[in-house]
Amino acid sequence: MSDAPVKNRPIYREFRNDLGKLTFNSKPIINSLSKKAEVNVDDAESVLRAIEDHLRFTVPKYKLPAFYLLDSIAKNVGGMYVCSMAV
């Protein structure tokens with residue numbers, strides 16, 4: 001996980017805020033966030049940083065839905081996200 005500055009702070013903040021709604025395995029929320037990640041593929045680093053920080057700072061019971069989100073993004077969006085996740 002990186003400690004470098006976030007490149008697109010508004011996207012990061014918006015995604016972090018939306019991740020707060022992901023408190024259970026909700027397909028509609030995961031699909032919505034995956035779609036938002038697809039729309040913001042040019043800011044994949046900021047989106048992934050938001051998810052990383054969410055995983056780092058959220059309570060354990062909310063981590064699994066975030067991992068489901070990462071899986072959804074990797075499978076449905078792919079591209080830059082998969083490359084960035086592999087690093």
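The values are calculated or read from the model by the stated rules, or taken from the named source; none is laboratory data. Since the structure is predicted, the reported quantities are computational estimates derived from the model, not experimental observations. Note: ideal-geometry Cβ built from the backbone for every residue, glycine included; neighbour counts use all protein chains shown. Note: accessible area is taken over every heavy atom of the protein model, side chains too, but ligands, DNA and RNA are not part of it. Shrake-Rupley method; radii C 1.70, N 1.55, O 1.52, S 1.80 Å.
Does Gly20 fit the bill of being open to solvent by 40 Å² or more (accessible area, probe 1.4 Å) and either touching a Gly at 6+ places or on another chain (Cβ under 9 Å) or at positive phi (or both)?
Taking the combined requirement at face value, the residue does not satisfy it.
Given the conditions (1) open to solvent by 60 Å² or more (accessible area, probe 1.4 Å); (2) farther than 15 Å from Ser84 by Cα, report the number of the one that Leu55 does not fulfil.
Condition not satisfied by Leu55: (1).
Only residues in region 36-54 that are acidic (Asp, Glu) count as the first member; pair them with residues that are outside any helix (DSSP H, G or I) and open to solvent by 50 Å² or more (accessible area, probe 1.4 Å), Cβ under 7 angstrom, at least 6 apart or cross-chain, and list the lot.
Asp43/Lys7; Glu45/Lys7; Glu52/Met1
Of (1) at pLDDT below 95; (2) in contact with a helix residue (DSSP H, G or I) (Cβ under 7 Å, 6 or more places away or on another chain); (3) assigned to a helix (DSSP H, G or I), Asp71 satisfies all except one. Which?
Looking at each condition in turn, Asp71 falls short on (2).
Which number in (1) open to solvent by less than 10 Å² (accessible area, probe 1.4 Å); (2) assigned to a loop (DSSP other than H, G, I, E, B); (3) of a type in the set (S, T, N, Q) marks the one condition that Ser46 misses?
Among (1) open to solvent by less than 10 Å² (accessible area, probe 1.4 Å); (2) assigned to a loop (DSSP other than H, G, I, E, B); (3) of a type in the set (S, T, N, Q), the lone unmet condition for Ser46 is (2).
If you check Val41 against the conditions, is it at pLDDT below 95, farther than 14 Å from Ile73 by Cα and open to solvent by 20 Å² or more (accessible area, probe 1.4 Å)?
Here the answer is no, as Val41 does not meet what is asked.
Read through the list (1) open to solvent by 30 Å² or more (accessible area, probe 1.4 Å); (2) in contact (Cβ under 8 Å) with a residue 40 or more places away in the chain, then give the number of the only condition that Arg13 fails.
All conditions pass for Arg13, except number (2).
Being among the hydroxyl-bearing types (Ser, Thr, Tyr) and open to solvent by less than 50 Å² (accessible area, probe 1.4 Å) is the filter here; which residues of region 58-87 pass it?
Scanning region 58-87 gives Thr58, Ser72, Tyr81, Ser84.
Is it the case that Val6 is of a type outside the set (S, T, N, Q) and outside any helix (DSSP H, G or I)?
Taking the combined requirement at face value, the residue satisfies it.
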